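Since the structure comes first, as structure tokens, the remarks are kept for the end.
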């Protein structure tokens, strides 16, 4: 038998922390790992310098016509001259401030969310924003001239479609997720049928149906806006996927949470909205944002029903006889824009996860 | 006269999970202010029995009457009973996305429509009583198991229930945290609230129970006052059970 003295904590040995330790642990921990690291560096060396040479060093930025583009580098003059097309489509020059103001208001709203408390207040502000945005972009009220939707295009159209798709499909998705987990057989089977039907059909088919087949069912003379039809199609499509993601989140919630909510006397809707949904959404954030990113990219499919989103603009602008042959520049530019938006969403998803993390220690 | 004092009345209760019968002809009356401890080996149906009382479990045969309301599928009746019957779970079941204080005020604000300020005052009172008022702004996962269970008890007290059900409240706790929860429960017992506790804490049963019930394979085997129950058990099965849990 023995009694021991208390031992004070010491600092970790210097070779187990720090920069060099990290490199050794992560990049050169084994012969295979070292080989892969060297291979990776070699590939980067092969790709990056030529790209920088093409995109920046040899590129042409000055001038207004294709005559200005000499040498082997990229011709950014093309993108510069067609920038308005890429960003706004055929939206009239004099009215572009309306689109820009809508963008600006978006950041004001997001910033205000950091300081405002209360989810009802936030929801109403968001709803108000969408109404204001509609009036601003669509016009036809309060002395703003109406800009018909066939003038909408480029990045602005991409953002409109994905924003409407995300915002509208979200509540519908939640309702179907509740429906699918419901104990009422009728509601459950309707939800299951809807979700499984939509998930069994490609988005492109739904877009075709909304654009080509749907009008056949309308009486003569009724003309439904093409963009609106596409928006409805995308929303209904997305709702099915969101429903499944949220249902997955709900299944991760222990049974005890449902029982505790029942035991303290909450009604079904109170239980679902106050206890289950907030936790389910938190679990589902990474998957939800993943779907939203996919939706943002899928909006490019509207090209096939004659709407000109950002990607479609590359085709349109390079068919201008003055600028034939500059697809590469166009696609690189569009790629960068898509990447910036998707990466921003990805980052935002990380911040959301952190903000809603209550699993603190 | 005596009949009217019964706040819980269970008549010929039978329940099956599929083919398996978990409760067999349970008859039990609980008087106002009475403290009942339900003991028995695991799988004996004791948890299922208390969970039937606030209709977390449905049953096929028999009746349960709580405060003169007979349980049925009727949502209004279930709601009425749940407003007056609180439950404390083995795994606490606090809402992890809400702070301790929000956990306590959720039901008063949404179910009883208590003004927020008043709900917070009441909640803080109960947190004070279970000794964790200083943790009100924290989230459940930041607390120890014993603290979480005390919060859960405070949460169930917030609606000022006349009946409290405990479903093995100390079974998921580390040994050093059991006594802090039992202390709170003993204090509650002295307030003459009706309590039905499923527990393995025989010390607790000896100290506060008015009646101890022994269940095995879905049946009530023996029912007695604690003195007789522990010192002069009548049935062989209870004798065996007691020798198993008290031998070490």
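The values are calculated or read from the model by the stated rules, or taken from the named source; none is laboratory data. Every value quoted in this text rests on a predicted model; they were computed, and no experiment measured them. Counting neighbours? That spans all protein chains shown, and the Cβs are built from the backbone with ideal geometry, glycine included.
Does the range A:259-266 include one or more residues that are surrounded by fewer than 21 Cβ atoms within 10 Å (Cβ to Cβ), within 14 Å of chain B (Cβ to nearest Cβ) and at pLDDT 90 or above? Looking through the range A:259-266, at least one residue is surrounded by fewer than 21 Cβ atoms within 10 Å (Cβ to Cβ), within 14 Å of chain B (Cβ to nearest Cβ) and at pLDDT 90 or above.
Comparison of A:160, A:167 shows that the only residue that is under 19 Å from the mean Cα position of the chain (by Cα), in the same structural domain as residue A:290 (by TED's automatic domain parsing) and surrounded by fewer than 18 Cβ atoms within 10 Å (Cβ to Cβ) is A:167.
Go through (1) in contact with a helix residue (DSSP H, G or I) (Cβ under 9 Å, 6 or more places away or on another chain); (2) away from chain A (no Cβ under 14 Å); (3) surrounded by fewer than 23 Cβ atoms within 10 Å (Cβ to Cβ) one by one and return the number of the condition residue B:117 breaks. (1) is the only condition that residue B:117 fails.
Scanning the range B:2-52 for residues that are on the phi > 0 side of the Ramachandran plot and either out of contact with any strand residue (DSSP E or B) (no Cβ under 8 Å at 6 or more places or on another chain) or not in a strand (DSSP E or B) (or both) turns up B:18, B:33, B:40, B:43, B:45.
For first residues located in the range A:346-360 and more than 14 Å from chain B (Cβ to nearest Cβ), partners that are surrounded by 12 or more Cβ atoms within 10 Å (Cβ to Cβ) and outside any loop (DSSP other than H, G, I, E, B) and lie 6+ apart or on another chain with Cβ distances below 6 Å form the pairs A:349/A:285; A:349/A:289. Whether a residue is at pLDDT 90 or above and assigned to a loop (DSSP other than H, G, I, E, B) was assessed, and residue A:201 passes this test.
Rundown of residues vs (1) modelled with pLDDT of 80 or more; (2) outside any helix (DSSP H, G or I); (3) surrounded by fewer than 16 Cβ atoms within 10 Å (Cβ to Cβ), yes/no style:
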{"site": "A:72", "(1), (2), (3)": "no, yes, yes"}
{"site": "A:78", "(1), (2), (3)": "no, no, no"}
{"site": "A:122", "(1), (2), (3)": "yes, no, yes"}
{"site": "A:128", "(1), (2), (3)": "yes, no, yes"}
{"site": "A:131", "(1), (2), (3)": "yes, no, yes"}
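Name the one entry in A:271, A:282 that is within 12 Å of another protein chain (Cβ to nearest Cβ), in a helix (DSSP H, G or I) and without any contact (Cβ under 8 Å) to a residue 40 or more places away in the chain.
The conditions single out A:271.
Listed conditions (1) closer than 19 Å to residue B:48 by Cβ; (2) within 14 Å of the chain's Cα centre (by Cα); (3) modelled with pLDDT under 90 are all met by residue B:193, apart from (1). Against the test of being closer than 21 Å to residue B:195 by Cα and either touching a residue at least 12 places away in the same chain (Cβ under 8 Å) or touching a helix residue (DSSP H, G or I) at 6+ places or on another chain (Cβ under 7 Å) (or both), the options B:106, B:127, B:143, B:101 yield a single qualifying residue, B:127. Select from the range B:79-98 the residues that are at the interface with chain A (Cβ under 7 Å from one of its Cβ atoms) and over 18 Å from the mean Cα position of the chain (by Cα) and write down the one among them that is nearest to residue B:161 (Cα to Cα). Result: B:95. Evaluation of residue B:112 against the conditions (1) modelled with pLDDT under 90; (2) within 11 Å of chain A (Cβ to nearest Cβ); (3) part of a helix (DSSP H, G or I) shows that the sole unmet condition is (3).
Against the criterion of being facing another protein chain (nearest Cβ under 10 Å) and within 21 Å of the chain's Cα centre (by Cα), residue B:103 qualifies. Scanning the range B:138-172 for residues being within 10 Å of chain A (Cβ to nearest Cβ), in a helix (DSSP H, G or I) and under 12 Å from the mean Cα position of the chain (by Cα) gives a total of 2. Take the residues of the range A:314-329 that are part of a helix (DSSP H, G or I) and buried (at least 18 other Cβ atoms within 10 Å of the Cβ): which is nearest to the chain's Cα centre (by Cα)? Selected residue: A:314.
Report yes if residue A:295 is buried (at least 20 other Cβ atoms within 10 Å of the Cβ), away from every other protein chain (no Cβ under 14 Å) and in a loop (DSSP other than H, G, I, E, B), otherwise no. No.
Going by the conditions given, is residue B:70 away from chain A (no Cβ under 14 Å) and at pLDDT 90 or above? Here the answer is no, as residue B:70 does not meet what is asked. Taken over the range B:200-210, the criterion of being touching a residue at least 40 places away in the same chain (Cβ under 8 Å) and either closer than 17 Å to residue B:243 by Cα or surrounded by fewer than 20 Cβ atoms within 10 Å (Cβ to Cβ) (or both) is satisfied by B:200, B:202, B:205, B:208, B:210. Restricting the range A:206-257 to residues that are within 14 Å of chain B (Cβ to nearest Cβ) and in contact with a helix residue (DSSP H, G or I) (Cβ under 7 Å, 6 or more places away or on another chain) leaves a set whose member that is surrounded by the most Cβ atoms within 10 Å (Cβ to Cβ) is A:250.
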